Amino acid sequence: MAQTVFEPWEDPDQKPLIQFRNVTKRFGAFTAIDNLSLDIFEREFFALLGPSGCGKTTMMRMLAGFEAVSEGAIYLSGQDIGPVPPNKRAVNMMFQSYALFPHLSIWDNIAFGLKRDRLPKNAIGDRVSEMLKLTRLEKFAHRKPHQISGGQRQRVALARSLAKAPKLLLLDEPLGALDKKLRQDTQFELMDIQEKTGTTFVIVTHDQEEAMTVASRVAVMDEGRLIQVDTPARIYETPTSVYVADFIGDVNIIEGHGTKSGDGYDVTFAEGQPVLHAKTSRDLGSAGKCYLAIRPEKVSISAEKPEGKTNLVKGAILDIAYLGNLSTYHVKLASGQIIKAQTANTRRIARRDLTWEDEVWLSWTETAAVVLES
Amino acid sequence: MRRLVLIAVPYLWLLALFLIPFLIVLKISLSDTALAIPPYTPTLDLGAGWAGVKAFFTGLDFENFWFLTTDELYWKAYLSSLQIALLSTIMTLMVGYPIAYGMAQARDEWRPTLMLLVILPFWTSFLIRVYAWMGILSREGLLNQFLLWTGVTNEPLTILNTDTAVYIGIVYTYLPFMVLPIYAALEKLDESLLEAAEDLGCSRASAFWLVTVPLSKSGIIAGCFLVFIPALGEFVIPSLLGGSQTLMIGKVLWEEFFNNRDWPVASAVAVILLLILIIPIILFQRNEQKQREAEG
Ligand SMILES: Nc1ncnc2c1ncn2[C@@H]1O[C@H](COP(=O)(O)OP(=O)(O)O)[C@@H](O)[C@H]1O
Ligand SMILES: [Mg+2]
C-alpha cells in the first residue's frame, strides 16, 4: 500500500479547520494584522514565523478569543467564532509565559480545565494521569510550579492545554525560555505528542530552524501580512520573495537585470561578469530588474576552472568560517559582490587545499538559483 | 564582631521599645494601689540593699488578675471588643477589597493618584477626622440633613453614640491598612493567569474566585490582621463615637488609668489584652514569612 502523503492543503475537497477571511486587527490607529486570509487544516502542525512585533501573538489571541477582529471573520469548523467567548471555544492555548497557577499543584493545574467541565471525579483523575504520563511528569504531580524546573513547567503548560482535548492547540513561543539542547529535544517531543493526539497545532516562533523542524506548513509573516505559506522544504528551496529567502537560512542575493531566455532568465549583474542563467517556471515579464537567490550549499567552489558550467564566476577567498561539519567560504568577486559557498568537511582539515586570498571558481547549476522579482 | 553588632541592634531596639515597657506594665499589674506618686506599691528601694529587693518581690501578687475575673465588666468588655474588632475587620475587608481591586485594574497613569487618595487621610490628625465624623453622624449632622432632604427618612436617625458609629469609625480609620496590602498582592497578579483560566473554561466571575482571590490571599490576611489588631485595643473611636453602652476594652483601660487612677488594675487589663493579641500577631508574622518564602 502506498503511503498517503499528508497534504490536505493540496486537496480542494478538504474543508479547512480554521479560516481567516480578510482579517484586519487594529490597535487604535496601528494595524497589527492587515487584511489576512489563511486556511489551516485538521491535524496540521502549522507554524507562524516572523520577526518580533509582526503580529504572531495577535493572531493567536484572536484564535483564543482574547482579541476581537476589527474586520473580517475567523471560522472554526465552518462556524464564525467572533461571538464565542474564550471559555466556550474548543481551542486551548499554551501561553508564552506558561501562566501556570502558582497556588495549585501540578495535578490541579492539569485538572483545572477538566473540573470546569464538571466531569466526574474518576474521569478527571484518569485524564490527568494520562496527561502526566504523556508529558512524563508523574513524579511531580504534587509539587507546586515553583518547585520544578523550566523544562518541566513547559511540559505542565502543554499537559494542561492538551487535557481538554481541544480541536486546536495554540502554542505561543512554547520553547522560548529553554536552552538550545532542551529546545531540540522538546521539539521532537512536541511532534510526537501532536502525532499521538491528532490535535491541530498552531505554533508561534521567531526561530526559523524550529519552524522548519516541527511544522507541516510554515507561514512567514511581516508587519501583519503573510508573505508566504508553504511547506518547510518549499519555503527553503523556492521562496517567492527576497524577504522569505533572506529570512530563512543563509542565502546569496544577487541583484541584476533579467531578460527572458528559453525556459528561464538571463541575468546580468555587473560589468565584466558573465551572464548568469536560471531556470524558472515563473513569469516575471520579458525584461527588468530582478534578484537571484542562491543557497551557499548549492555553490561549488574549486581551485581549478571547472568545465562546462553555465554559471561560473571567479573571485578571491575573503574569509572562511569553520563550523565543524561545514565550512563557509566568503568569496569576493572582481566586481565587489561577496558570494558565500558552503562545503561539507568530509576530509580532515590538513588536507583541504583552499585558504585565504586564494583565487577560486564558483559555479552552480541552472536550477540552483531562484529568480525573484524586485 | 560586625555581625554581632548587626544582630544586636534590632534586639536592643526591641528590648528598649517593647520588652522594658512591657516589664514595667507587668510589674505594675502585680502591685497594689496606693495614694502616692506613683500610685502603687511596692517600689524598688535599691538603697536598702538585698532586703529592699526581697521586700519588693514579696510585695507582688496576682490579686489584680484575680480581681478581673470577679467583675463581669472585664470579660464582657474583652468579648465585646473581640466581636467589634472581628465584625469591623470583615466590613473593612468588604469595603477595602473592591477598592484595591479597582486600583489594580486602573490604568497605570491613574494608579499613583488613586494611591495618594487612599493615603491622603493620614496627613490630617486622626482626632480631627474622628471629630469630623461626629459632625457627620450627629442628629443635626450632614448625613441626617442629607437623608431628610432626599426624603429617605422623616425623622433624623440616631447614629452617633451607638455601635454603628463605632463600626463606621473603625472601617473608615483602618481602611488604608486593608487596601494597601491587598492592592500590593493584586498588582503583582499576572494578567495571563486570568486569561489562562478563561481559556480553560472559566467565566470571568469564576476566574475571579478561583484565581484572583486565592492569589491575593496573603494580602487579605495581612490586611485583616492590620485592622483587627489595633481595632481590638481601640479606645478613641468608642470613646468619641460610641455610646455609654459601647463596651470596649480600650475604653475600660482608659477609665481605669485616668478616671479611677487604678494603675495596677489598668495594667492587668493591658497585660491580658497583650496576651490575647499575641496569637494574631504570631499568625500575622507567619503569613508574612510564608509570603516571603513563596516569592523568594
Ligand atoms: N493590546 C495592544 N495594544 C496596542 N498595540 C498592541 C497590542 N497588542 C499588540 N500590539 C502591537 O501589535 C503588534 C504585533 O504584536 P504581537 O502580535 O505581540 O507581535 P509578535 O507576537 O509577532 O511579536 C506590535 O507592534 C504590538 O506593539
Ligand atoms: Mg509574541
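The values are calculated or read from the model by the stated rules, or taken from the named source; none is laboratory data. Keep in mind that what you see is a predicted model, and the values were worked out from it rather than measured. Positions of Cβ are backbone-derived with ideal geometry, glycine not excepted, and every protein chain shown enters the neighbour counts. Accessible surface areas use protein heavy atoms only, side chains included; no ligands, DNA or RNA. Shrake-Rupley method; radii C 1.70, N 1.55, O 1.52, S 1.80 Å.
Can you pull out the residues in region A:156-175 that are more than 10 Å from A:Phe95 (Cβ to Cβ), part of a loop (DSSP other than H, G, I, E, B) and either of a type in the set (A, V, I, L, M, F, W, C) or within 16 Å of ligand 2 (Cβ to nearest atom) (or both)? A:Ala163, A:Ala165, A:Leu175, listed by residue number. Checking the conditions here, which among A:Ser161, A:Ser129 is open to solvent by less than 70 Å² (accessible area, probe 1.4 Å), over 30 Å from A:Ile235 (Cβ atoms) and of a type in the set (Ser, Thr, Tyr)? Selected residue: A:Ser129, the only one of A:Ser161, A:Ser129 that is open to solvent by less than 70 Å² (accessible area, probe 1.4 Å), over 30 Å from A:Ile235 (Cβ atoms) and of a type in the set (Ser, Thr, Tyr). Against the test of being more than 27 Å from A:Ser129 (Cβ to Cβ), assigned to a loop (DSSP other than H, G, I, E, B), away from every other protein chain (no Cβ under 13 Å) and aliphatic (A, V, I, L, M), the options A:Val84, A:Val69 yield a single qualifying residue, A:Val69. Here B:Ala196 meets the list (1) modelled with pLDDT under 95; (2) within 14 Å of another protein chain (Cβ to nearest Cβ) almost entirely, failing just condition (1).
Residues of region A:191-212 being among the hydroxyl-bearing types (Ser, Thr, Tyr) and open to solvent by 50 Å² or more (accessible area, probe 1.4 Å), which ones? Once the filter is applied, which keeps residues that are among the hydroxyl-bearing types (Ser, Thr, Tyr) and open to solvent by 50 Å² or more (accessible area, probe 1.4 Å), region A:191-212 yields only A:Thr197. Looking across region A:1-59, the residues that are part of a helix (DSSP H, G or I) and either within 16 Å of ligand 2 (Cβ to nearest atom) or surrounded by 12 or more Cβ atoms within 10 Å (Cβ to Cβ) (or both) come down to A:Pro8, A:Trp9, A:Lys56, A:Thr57, A:Thr58, A:Met59.
Total residues in region A:120-142 satisfying the condition of being more than 14 Å from chain B (Cβ to nearest Cβ) and within 21 Å of A:Gln96 (Cβ to Cβ): the figure is 2.
Checking each residue in region A:143-158 for being in contact (Cβ under 8 Å) with a residue 40 or more places away in the chain and within 12 Å of chain B (Cβ to nearest Cβ) picks out A:Lys144, A:Pro145, A:His146, A:Val156, A:Ala157. For region B:250-293, a residue qualifies if it is in contact (Cβ under 8 Å) with a residue 60 or more places away in the chain and either farther than 21 Å from B:Phe18 by Cα or not in a helix (DSSP H, G or I) (or both), and the qualifying residues are B:Lys251, B:Val252, B:Arg261, B:Asp262, B:Asn287, B:Lys290, B:Gln291. Only a single item in (1) away from ligand 1 (no atom under 16 Å from the Cβ); (2) under 21 Å from B:Glu191 (Cβ atoms) is not met by A:Met60, and it is number (1). Residues that are away from ligand 2 (no atom under 16 Å from the Cβ) and outside any helix (DSSP H, G or I) within region A:87-103 comprise A:Arg89, A:Ala90, A:Val91, A:Asn92, A:Leu100, A:Phe101, A:Pro102, A:His103, listed in sequence order.
Scanning region A:251-277 for residues that are under 27 Å from the mean Cα position of the chain (by Cα) and at pLDDT below 90 turns up nothing.
A search for C-beta distances below 7 Å between a residue of region A:48-62 that is within 14 Å of another protein chain (Cβ to nearest Cβ) and any residue that is near ligand 1 (Cβ under 7 Å from one of its atoms) and β-branched (Val, Ile, Thr), counting only pairs 6+ apart in sequence or on different chains, returns A:Thr57/A:Val204; A:Met60/A:Val204. Every condition in (1) within 27 Å of B:Ile99 (Cα to Cα); (2) among the β-branched types (Val, Ile, Thr); (3) more than 14 Å from chain A (Cβ to nearest Cβ) holds for B:Ile221 except the one numbered (3). None of A:Gln152, A:Gln208, A:Gln194, A:Gln187 is within 16 Å of ligand 2 (Cβ to nearest atom) and either among the polar types (S, T, N, Q) or touching a His at 6+ places or on another chain (Cβ under 9 Å) (or both) except A:Gln208.
One residue is enough: does region A:14-25 have a residue meeting the conditions touching a Lys or Arg at 6+ places or on another chain (Cβ under 9 Å) and closer than 22 Å to A:Gln208 by Cβ? No, every residue in region A:14-25 fails to be touching a Lys or Arg at 6+ places or on another chain (Cβ under 9 Å) and closer than 22 Å to A:Gln208 by Cβ.
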